[in-house]
Amino acid sequence: MRIFVLTGAGVSAESGLSTFRDASGVWTKYDFRDVATPEGFKRNPVLVHEFYNTRRANLLNCEPNAAHRALAVLEAGLKAQGGRLYLCTQNVDDLHERGGSQHVVHMHGELLRACCARCGWAAPWREDLSTDLACPGCARAGHLRPEVVWFGEEPTHMDQIFHEVSEADLFVSIGTSGSVYPAAGLVEHARRSGVRTCEINLEPSENARRFDEKRYGTASEVVPAWVAEVLGG
Ligand code: OAD
């Protein structure tokens, strides 16, 4: 069996990372236009660096939870059965990797990487970023930024992602509100391709009516139970 899994902030919530649109979510405290757009970075790079420096520091203090670990078990289990898991995440954290997943596609980039907006240099990065730092590639200061996808920028790997969705036997969305495109459109692409769809979330998402199967509860409980069923059945 080939399974395409799309994860969102809900899968990392129980690891201590805030979601975006829940009652105490990130976008209730910050305006995304200030901290997650190229225009916001031009206007106030110090604020943007502060925002991501705090998130990076939080991430380095978090651990993967049972949902991340179960998805790693699913990857290995499907492979042993001759199948395949394609794990695509909107999350910029590295908790899937730390939970044991071998192949993770980060369509919104990675918080633990930096890149230079001027010369294109990019590499793993775990320290704070600031406007004073010189780029290791072009030696110019003021252009380093986290290698994350901001609103108005194109998510990465989209051609491959659409292809993999249409080739899957099952499309599963875990812990995402379904409010940000193109990720939110993948379930419709799956349906049009004749792929069965399943939603795992704390509560029905904006896309809930588009899913054939729905399982509601915390990711750390529902995902391991679902994985056990898939591999056992
Ligand atoms: P959201 O904050 O929009 O949605 C998180 C979803 O997870 C909600 O539907 C919650 O009900 C659910 N949830 C919360 N806790 C959960 C738990 N313990 N178990 C299961 N589900 C839980 O986050 P995303 O959908 O990931 O993009 O947001 C998508 C994109 O919007 C992000 O990648 C980010 C953001 O703006 C950019 O910054 C470009």
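Coordinate-derived values only; no laboratory data. All of these numbers come straight from a predicted model, not from anything done at the bench. Glycine also receives a Cβ, built like all others from the backbone with ideal geometry; neighbour counts cover every protein chain displayed.
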Counting only residues 5 or more apart in sequence or on a different chain, those whose built amide H sits under 5 Å from that of Leu202 are Gly175, Gly217
What the Cα atoms of region 48-135 span along the principal axes, largest first and in whole Å, is 51, 28, 16
Note, Arg145: beta-carbon cut-off 14 Å, +1 each Lys/Arg, -1 each Asp/Glu, net -1
Expressed as a whole-number percentage, the relative contact order of the chain with C-alpha contacts under 8 angstrom and at least six residues apart is 23
The local net charge around Tyr30, scoring Lys/Arg +1 and Asp/Glu -1 for residues other than Tyr30 whose Cβ lies under 13 Å from its Cβ, equals +1
Relative to the compact-globule estimate 2.2 N^0.38 Å (N residues), the Cα gyration radius of the chain stands at a ratio of 1.03
As a percent rounded to 5, the proportion of antiparallel DSSP bridges among beta bridges in the chain is 30
The long-range amide H neighbours of Ala134, using H built 1.01 Å from N in the peptide plane and a cut-off of under 5 Å, are none
Of all GluC sites (Glu not before Pro) in region 100-171, the ones in DSSP coil with at most 11 other Cβ atoms within 10 Å are Glu127
Note, region 3-10: 3J(HN,Hα) by Karplus (6.51, -1.76, 1.60, θ = phi - 60°), whole Hz, Gly/Pro = x, goes 10, 9, 10, 10, 10, x, 4, x
Residue ranges of DSSP H helices in the chain that stretch 30 Å or more (Cα, own long axis) and have mean Kyte-Doolittle hydropathy of at least 0.5 are none
Reduced to Cα centres, the span from region 14-68 to region 119-140 in Å works out to 20
In region 186-217, the GluC sites (Glu not before Pro) that sit in a DSSP loop and have at most 15 other Cβ atoms within 10 Å of their own Cβ are Glu206
Classified through the alpha carbon gyration tensor (a ≥ b ≥ c as square roots of its eigenvalues; rounded if a/c is under 1.5, else prolate when a/b is larger than b/c, else oblate), region 103-200 comes out prolate
Toy charge model, Lys and Arg Cβ at +1, Asp and Glu Cβ at -1: region 166-233 dipole around Cα centroid in debye, rounded to 20, equals 180
Net charge near Ser166 (other residues with Cβ under 15 Å of its Cβ; Lys, Arg +1; Asp, Glu -1) is 0
In order over region 105-120: 3J(HN,Hα) from phi, Karplus 6.51/-1.76/1.60, θ = phi - 60°, whole Hz, x for each Gly or Pro, gives 9, 9, 5, 9, x, 9, 5, 8, 9, 10, 9, 9, 5, 8, 10, x
Expected max-MSF residue from Gly25, Gly175, Gly99 in the GNM of the chain (alpha carbon, under 10 Å) is Gly25
Given unit charges at Cβ for Lys, Arg (+) and Asp, Glu (-), the dipole magnitude of region 1-153 about its Cα centre in debye, nearest 20, is 320
Interchain or sequence-distant (5+) residues whose placed amide H lies within less than 5 Å of the amide H of Gly109 are Val149, Thr156
